[in-house]
1. Roughly speaking, what is the stretch gain from residue 1 to residue 113, that is 0.36 nm per residue apart minus the C-alpha to C-alpha distance, in nm to one decimal?
2. Residue 129 label point, 7 Å along Cα→Cβ, cut-off 20 Å on backbone N: hits in the stretch 47-69?
3. Going from the alpha-carbon gyration tensor of the stretch 69-114, what semi-axes, largest first and in whole Å, does one get by taking the root of 5 times each eigenvalue?
4. Scattering from the C-alpha atoms of the stretch 1-87 alone, worked out with Debye: what is log10 I(q)/I(0) at q = 0.13, 0.26 1/Å?
5. What relative contact order, as a whole-number percentage, does the stretch 13-120 give when Cα pairs under 8 Å and 6 or more residues apart are counted?
6. Evaluate the distance, in nm, between pseudo-label points positioned 7 Å from the Cα of residue 159 and of residue 35 along their respective Cα→Cβ axes.
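None of the figures in this text is laboratory data; all of them are computed from the coordinates on show. Just so it is clear, the model here is predicted, and its values are computed rather than measured. In this analysis, Cβ positions are derived from the backbone assuming ideal geometry, glycine residues included, and neighbour counts consider all displayed protein chains.
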């Protein structure tokens, strides 16, 4: 396996086809592709600023998408490369979120630690200081679709 640079359109196209529960992200700081020995693109990872305001301290980055076609060790390879590049750029920490039902094997293999096993989704968007009516689905022109996976997540981190 080897890491390759990707253009945003290439990463978005790959994620549109292969990601199980997310659409391409709205923005990122950098993205990396993973090629197998035959030159086939087998995975993509996108890294950006943390989505959570309290974690966006200027010294932390977040993996916002990691997507592979199931190639053995591709996820671990991409997580390791994303962390290495973040360190070279001068960041101190990198984080990512996975669903509750995912095991995090690739993250463990690449040296990340489980920082919070039960985060997100607790209060939702409706809080006392800014009450909102929340919909888990959106209604686009061509029918109802889910906005994003709803519920608790796990936060994994690596100190660089």
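1. Stretched fully, the residue 1-residue 113 segment lengthens by 37.9 nm.
2. Under cut-off, by backbone N: 50-58.
3. Value: 19, 13, 8 Å, ordered largest first.
4. For the requested q values the scattering log ratios are -0.38, -1.36.
5. Working: 160 pairs, mean separation 23.3, N = 108.
Once normalised by length, the contact order is 22 percent.
6. Output for this residue pair reads 3.7 nm.
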